[in-house]
1. Could you list, in sequence order, the residues of the stretch 173-198 that are assigned to a loop (DSSP other than H, G, I, E, B), open to solvent by less than 80 Å² (accessible area, probe 1.4 Å) and either more than 19 Å from residue 148 (Cα to Cα) or among the hydrophobic types (A, V, I, L, M, F, W, C) (or both)?
2. Taking the stretch 73-104, which residues are at pLDDT 95 or above, in contact with a Gly (Cβ under 8 Å, 6 or more places away or on another chain) and open to solvent by 50 Å² or more (accessible area, probe 1.4 Å)?
3. Filter the strands (runs of 3 or more DSSP E) completely within the stretch 47-155 down to those with at least 3 residues that are aliphatic (A, V, I, L, M) and out of contact with any Pro (no Cβ under 8 Å at 6 or more places or on another chain).
4. So which of 203, 170 ends up being among the polar types (S, T, N, Q), modelled with pLDDT under 95 and either in a strand (DSSP E or B) or open to solvent by 40 Å² or more (accessible area, probe 1.4 Å) (or both)?
5. Please specify each residue of the stretch 50-61 satisfying the condition of being aliphatic (A, V, I, L, M) and touching a residue at least 24 places away in the same chain (Cβ under 8 Å).
6. Restricting to the stretch 131-167, give me the number of residues that are touching a Leu at 6+ places or on another chain (Cβ under 9 Å) and open to solvent by 20 Å² or more (accessible area, probe 1.4 Å).
7. Farther than 21 Å from residue 131 by Cβ and β-branched (Val, Ile, Thr): which single residue out of 46, 63, 97, 101 fits that description?
8. Specify which of the listed residues (194, 105) is more than 20 Å from residue 74 (Cβ to Cβ) and basic (Lys, Arg).
Amino acid sequence: MARLLLTFLISFIALPTWADETLGFLSFGGDFFGAGRSVIHDAPDTDDLFLAGEVVEGRTDITGSAHLAGREVTIKGQVGGDAYVAGEEIVLDGYVTGDATLAGRTVSVKGVGGDLRVAGSELELNGDVAGYALIAGEEVVFNAIVSGDVGIAAGTVDWGQNASIGGVLTVYEEDLGDLEVPEGIVADDRIERREVEEWEGPTPPNWRSAAAS
């Protein structure tokens, strides 16, 4: 089992070198492993899910956690545990019962039952988050109810009509006071502003450097 996990992790690291190949699939102990150019998971009764490829798609519900990496990553089924996703384009249509940790160039999130940690260039939060949210992006669409605290470092934020924050909103800015927060999203006495250098949350990947390497 240890050798299997090591092989799968190596395939993650070597993604660009085998983008034209199909490495195949393996179901073991209720977990599902897949790697190749185009990887689709639609098998029932899966616990943890591990996928890597050029195009990665999870179509069915899983009871455990999802570990996905690819250029285009889509999750349509419900994730019973946590989700860890890295990709250039990430679409999280399925509900994540646990925490979600996401890093990509464009990221879209529908709903998270735990905490959300997300970093990217263009981010869309269109589903509720039951825990806290740490958000780092250049262009952020915030159209969700977040029950806990929110920490955000963003160039611009488009606040949607469903936007609401139940905890403290901490804004990390180059110039304090630049980011406008409309009335009704969070009470003024629950807004804190800090220098962007103090940000210690998720950091967007440097896609230009990755492409050049």
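1. Result: 177, 179, 181, 185, 186, 187.
2. 76, 78, 89, 95, 97
3. Answer list for the stretch 47-155: 49-58, 66-75, 83-92, 133-142.
4. Just a single option satisfies the conditions, and that option is 203.
5. 52, 56
6. Adding up the residues that qualify gives 11.
7. The conditions single out 46.
8. 194
The values are calculated or read from the model by the stated rules, or taken from the named source; none is laboratory data. Here the structure is a predicted model, which is why all the values come from computation and not from measurement. We place every Cβ from the backbone using ideal geometry, glycine too, and count neighbours over all the protein chains shown. Surface areas here come from the heavy atoms of the whole protein model, side chains and all, with no ligands, DNA or RNA. Shrake-Rupley method; radii C 1.70, N 1.55, O 1.52, S 1.80 Å.
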